[in-house]
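Taking it in order: structure first as structure tokens, then the write-up.
The values are calculated or read from the model by the stated rules, or taken from the named source; none is laboratory data. Predicted model, so just to flag it, every value in this text is computed and none were measured. Positions of Cβ are backbone-derived with ideal geometry, glycine not excepted, and every protein chain shown enters the neighbour counts. Accessible surface is based on the protein model in full, side chains and every heavy atom, while ligands, DNA and RNA are left aside. Shrake-Rupley method; radii C 1.70, N 1.55, O 1.52, S 1.80 Å.
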Amino acid sequence: MHHFIDRRANPKGKSLGNRQRFLRRARENIKKMVDKSVRDKSVTGADQGSEEKVTIPAKGIKEPFFANSPKGGFRQHVLPGNKDFVVGDTIPRPKGGAGEGGKKGAEDGEGEDGFSFTLTKDEYLEILFEGLELPDLVKKNTVETETVGTRRAGLTTAGTPNNLNLVRTMRNSLGRRIALQRPSTAAFKALEEELKNLESIEDESEDHSARIVELREKLAILDRRRKLVGYIDPIDLRYDTTVPEKIRNSRAVVFCLMDVSGSMQEREKDLAKRFFMLLHLFLERAYEHTEIVFIRHTHQAQEVDEETFFYAKETGGTIVSTALTEMQKIIEDRYPTDEWNIYGAQASDGENFGNDSVKCKDLLFDALMPVCQYYAYVEIVGEGDDKLLNNSEEGADLWQNLREVDHAFPQFQMRRVAEPGHIYPIFRDLFAANKENAA
């Protein structure tokens, strides 16, 4: 009977096979909790840490089972713990309004116990971005660069000592020794021990002497065979070998543009960061190498680090075109379009100075959209402003000009948000593999 052993490394204290079966069985409940967690997650903790704790209802982990049917298909029984009824009694129906109608709530607000466990970072991101894909809206293919690497190419009979494959070498050695009947060390030592014992006995009988001669001849034959059939022979050696291979490395750069004028308060910046965080995590899973560029603007624009981008205080008016001009300049200087996939994400409260919105439209039409794989504009409106949220045709001058870009370029998308719970559904809507499945 053959036994197959899965020697893939398991996480510490976990069974990989059992864990994968559990995740498949409870995937629907896990997906709901992951979607909820990303809506409620704090911004600073969203992109930190390697694990995510999830709690799902205990009933979501129950497995179906078969029960033995009693003989005859019918029986009467009294459940353990019953003190009021015997077989044949009729249980009275509760009086009107006396039914409890479901589970009672606990005094501390907790309901039915849930099952808590920890998802690894890879498992969490896989479930978080399930059903999403890069938009296939631009005619050009995903830009890739080639580098030369190596890959395993089986075994060879010649190589360097550091590439020696010990398992295959010893397997070949064992098979050769069995086939050529090389005497084992245990058998050789057993004959030596028997000969030593006989030689220590003072017995001059013919049988005794003949046995000693016979053992010496056998030992000589075995010793000669052991020398002829070595334990390790050059024919047994096997070496791991590699061959050169061209590796395609796809690269992407994400431009995050945000208005930081006085009208953009902490609430607006918080919503913007949530969207930027999701976009960056998603693109990191799609590309081998991802960079992120932060551009903030008031009436002037500049490239900054992440800490300055979200938390530094700034005053001044709002001229959105300065950020688009800075993005164009950086692309020309550092990110050639034949080597990089370029993505843009812009967050604003919709305010802009004078006729600058027309300039923004012209920059997008002429300079940015022809080189961008995708561009998402998110406008942050006031809480409870249902009129703007539900009507995309209304809006300030910037929104109206960007709608013309939206109609002209399929890789340009624009949405409005008002609270953290809107971010994740809108993100899924932008990147859903099938728009019908968008949340």
Taking segment 275-329 and keeping only residues that are under 29 Å from the mean Cα position of the chain (by Cα), assigned to a helix (DSSP H, G or I) and not aliphatic (A, V, I, L, M), one is left with Phe275, Phe276, His280, Phe282, Glu284, Arg285, Glu306, Glu307, Phe309, Phe310
When every residue in segment 391-406 that is at pLDDT 80 or above and among the polar types (S, T, N, Q) is compared, the one most open to solvent (accessible area, probe 1.4 Å) is Gln400
Apart from one, (1) open to solvent by 40 Å² or more (accessible area, probe 1.4 Å); (2) under 21 Å from Asp366 (Cα atoms); (3) in contact (Cβ under 8 Å) with a residue 24 or more places away in the chain all hold for Ser321; the odd one out is (1)
Selection from segment 331-341 of residues within 31 Å of the chain's Cα centre (by Cα) and surrounded by fewer than 21 Cβ atoms within 10 Å (Cβ to Cβ) yields Arg334, Tyr335, Pro336, Thr337, Asp338, Glu339
Those residues of segment 315-343 which are closer than 20 Å to Asn355 by Cβ and of a type in the set (Val, Ile, Thr) amount to Thr318, Ile319, Val320, Thr322, Thr325
Of the listed residues (Ile232, Ile201), the one being farther than 30 Å from Cys372 by Cβ, among the β-branched types (Val, Ile, Thr) and either under 55 Å from the mean Cα position of the chain (by Cα) or open to solvent by less than 80 Å² (accessible area, probe 1.4 Å) (or both) is Ile232
Going through (1) modelled with pLDDT of 80 or more; (2) in a helix (DSSP H, G or I); (3) under 20 Å from Arg415 (Cβ atoms) one by one, Glu351 fails only at (2)
(1) touching a strand residue (DSSP E or B) at 6+ places or on another chain (Cβ under 9 Å); (2) of a type in the set (S, T, N, Q); (3) open to solvent by less than 90 Å² (accessible area, probe 1.4 Å); (4) modelled with pLDDT of 70 or more all hold for Ser173 apart from (1)
When (1) open to solvent by 30 Å² or more (accessible area, probe 1.4 Å); (2) under 30 Å from Phe310 (Cα atoms); (3) small (Gly, Ala, Ser) are applied to Ala190, the one that fails is (2)
Of the residues in segment 222-242, those that are farther than 16 Å from Ile178 by Cα and not in a helix (DSSP H, G or I) come to Leu237, Arg238, Tyr239, Asp240, Thr241, Thr242
**Request:** Would you mind stating whether Phe309 is modelled with pLDDT of 80 or more and open to solvent by less than 40 Å² (accessible area, probe 1.4 Å)?
**Result:** yes
Quick count over segment 228-266, residues being without any contact (Cβ under 8 Å) to a residue 60 or more places away in the chain and either over 23 Å from Met327 (Cβ atoms) or of a type in the set (Lys, Arg) (or both), is 7
